[in-house]
Structures are given as structure tokens and as C-alpha cells.
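What follows is one structure encoded as C-alpha cells, with my remarks underneath.
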Amino acid sequence: MILNHINIPVENVEDTRQFFEQYLDFNCIEVKGKNDLAIMKGTDGFTLVLMSQAFNKNELNSFPSAFHIGFLLATRQQVIDKYNKLKTSCIAMENAPANMRGIFGFYFMAPGNILVEISSDEVLSK
């Protein structure tokens, strides 16, 4: 079985889409309505769908506190580079990249109130 996509409800589809394009290397392949839904592809072909809160028929608008999406980079240096790009673009960063649970990475809040993890499992030689 292959995970096909993730559909995430957000307050502002356009702002969240632009963020994912600019900072997380996604490409928007289709927008439906007046920014009601954006279908995006990651560099690995993964599909991320951002949808307006208007589609939330049961009005379940919040994520559990531990819910997050994670992106794996090949090297620790790529993690540091991504962190620096986000930080210099005035994205609020609580903690710098660090070793955690056998990986090297950091978390931050993306537009849409989405907790994002950027990490690498690169093993440093001793």
C-alpha cells in the first residue's frame, strides 16, 4: 500500500500554499475555486492538499498537539541551511537544529497552524 496524499484544512489556502512553495519546495499543480483548495506536489512526488475551512463540514478545525508533518533531508548541513533560510525570512523559530531521538532537526509552525519537522538521519562518523 502506498500513501497517496494528505489533505490538511487551513485558515488561508493561498498564504499556506505560497509558504510551502517558497520554503518547502512544493509545486502547486492546481487551485480550485477562489483558493478553496490547492493540490501540491513535493519534490519526491508526494501530494499535499490544502483545503479551506469551508470544506470542514463537521467543523473539526484543530490538530492534536503532537500532530505534525516531517520532512527528511539527506544531510545535517541541509537542515542547518533550511533553518537559516526560514529564520532570515522572519519565520518564528523556537529552537535551533539539535540532536533529538536519533536524528538532527528542528520544529516550527508554518502558516495554517501546521507543526513542521525538518530533520536528517545522517550519521556522523566518529
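Every number in this text was worked out from the coordinates using simple rules, so none of it is lab data. As the structure is a computational prediction, the values presented were derived from the model and not from experiment. Cβ placement follows ideal geometry from the backbone for every residue including glycine, while neighbour counts extend to all protein chains displayed.
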Could you check the simple spin-label distance between E11 and A98, using points 7 Å along Cα→Cβ, in nm with one decimal?
2.8
Using a Gaussian network model on the chain with a 10 Å cutoff between Cα atoms, which of P64, P111, P97 fluctuates the most?
P64
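I'd like the chymotrypsin sites (Phe, Trp or Tyr not before Pro) in segment 1-75 restricted to DSSP loop residues with at most 12 other Cβ atoms within 10 Å, sorted by number. Each step should come with its number before you reach the end.
Working: sites: F19, F20, Y23, F26, F46, F55, F67, F71; in loops: F26, F46, F67.
Listed in order of number, the matching sites are F67.
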What are the extents of the Cα atoms of segment 48-110 along their three principal axes, in Å, largest first?
42, 27, 21
Cα-based Rg of the chain normalised by 2.2 N^0.38 Å, two decimals:
1.11
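Given the Cα-Cα distance of V31 and D44 and 0.36 nm per residue of separation, how much length would full extension add, in nm? Could you put the intermediate results ahead of the total?
On the way: separation 13, 0.36 × 13 = 4.68 nm, distance 2.01 nm.
Separation in residues times 0.36 nm, less the Cα-Cα distance, equals 2.7 nm.
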Test of understanding: extend the Cα→C-beta vector of N56 to 7 Å, then name every residue of segment 101-123 with backbone N under 13 Å from that spot.
112-114
Tabulate in residue order the Karplus-calculated ³J(HN,Hα) for segment 14-31, using 6.51 cos²θ - 1.76 cosθ + 1.60 with θ = phi - 60°, rounded to whole Hz; enter x for Gly and Pro.
4, 4, 5, 4, 4, 4, 5, 6, 6, 10, 10, 6, 8, 10, 6, 9, 6, 10
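In the P(r) worked out for segment 5-54, what percent of Cα pairs fall beyond 12 Å? List each step's numbers first, then the result.
Details: 666 of 1225 pairs.
I get 54 percent for the Cα pairs in segment 5-54 exceeding 12 Å.
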Work out from phi, with θ = phi - 60° and the Karplus expression 6.51 cos²θ - 1.76 cosθ + 1.60, the ³J(HN,Hα) of each residue of segment 63-78, listed in order in whole Hz, and give x for Gly and Pro.
9, x, 4, 8, 5, 7, 10, x, 10, 9, 9, 6, 10, 4, 4, 5
Towards the positive end of the charge dipole of segment 54-117, with charges on Cβ (+1 Lys, Arg; -1 Asp, Glu), say which of S65, S89, F108 has the farthest Cα.
S89
Within the set N27, N99, N35, GNM on the chain using Cα springs under 10 Å gives the largest fluctuation to N99
Candidates per trypsin sites (Lys or Arg not before Pro) in segment 1-65, loop by DSSP, up to 14 other Cβ within 10 Å:
K34, K57
Relative contact order in percent for the chain (Cα pairs under 8 Å, 6+ apart) equals 24
Would you list, by chain and number, the aspartates and glutamates whose Cα falls below 14 Å from the Cα of K41, excluding same-chain residues fewer than 8 positions away?
E21, D25, E30
